[in-house]
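Structure, as structure tokens:
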Amino acid sequence: MKKVLFLCTGNTCRSVLAHFYAAKLAADLKLPYKFSSAGLEAHKDIPQPKIVADLLAKEGVKNFAHIPVPMTGKLVKSSDLILTMTAAHKSELIARYPRAAKKTRTLIDYAGFGNGDIADPYRRDDLFYFEVFKLIKSAVKAALENLKKK
């Protein structure tokens, strides 16, 4: 089973949305992947925005609960593919864990959408979260298609 890790800054919004949406989509499609998420600066005391659970619930992710997970060497080592939300996240991860370079891409790049970042919606309005999640959903669907080809 391939292990895919989504990475952002605090592991409260973008990587969480990608993680749980990918897991739901893969389960629906009966794809053999395991998903997780972490943050470069994650801290368990940072609250999960309510809108994250609301958006995931609309996609069929029920009883959502998540505590931010900090990035560790163990997570990096155990992941087959690491998909970051921004190029800066990718650069920081590789600076900390150089051996991760070959298995780390931005989600936008891996989805085949070119170069670009997924904006951070933290502390923004609900519409901004909605738009960010729309992009994440498209990118995750494309990423799963690319994973199926390998």
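Nothing in this text is a laboratory measurement; each read-out follows from the coordinates by a stated rule. Quick caveat, the model's predicted, so the values are computed rather than measured. Quick reminder, even Gly has a Cβ in these numbers, built from the backbone with ideal geometry, and neighbours come from all protein chains shown.
Structure above, values below:
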| item | result |
| --- | --- |
| Equivalent-ellipsoid semi-axes of the stretch 1-67, from the Cα gyration tensor, Å, largest first | 20, 15, 7 |
| Equivalent-ellipsoid semi-axes of the stretch 2-149, from the Cα gyration tensor, Å, largest first | 21, 18, 15 |
| Highest to lowest packing among 121-130, 48-57, scored as the average C-beta count within 10 Å | 48-57, 121-130 |
| Under 16 Å from the Cα of K90 - aspartates and glutamates, other chains or at least 8 residues apart | E41, D80, D109, D117, D120 |
| Normalised contact order of the chain, rounded percent, pairs of Cα under 8 Å and 6 or more residues apart | 28 percent |
| Residue-averaged [θ]222 nm for the chain, counting only DSSP H segments that reach four residues, each worth -39500 (n - 2.57) | -14000 deg cm²/dmol |
| Computed lengthening from D45 to S138, 0.36 nm per intervening residue step minus Cα-Cα distance | 30.5 nm |
| Cα centroid of the stretch 31-64 to Cα centroid of the stretch 92-125, whole Å | 17 Å |
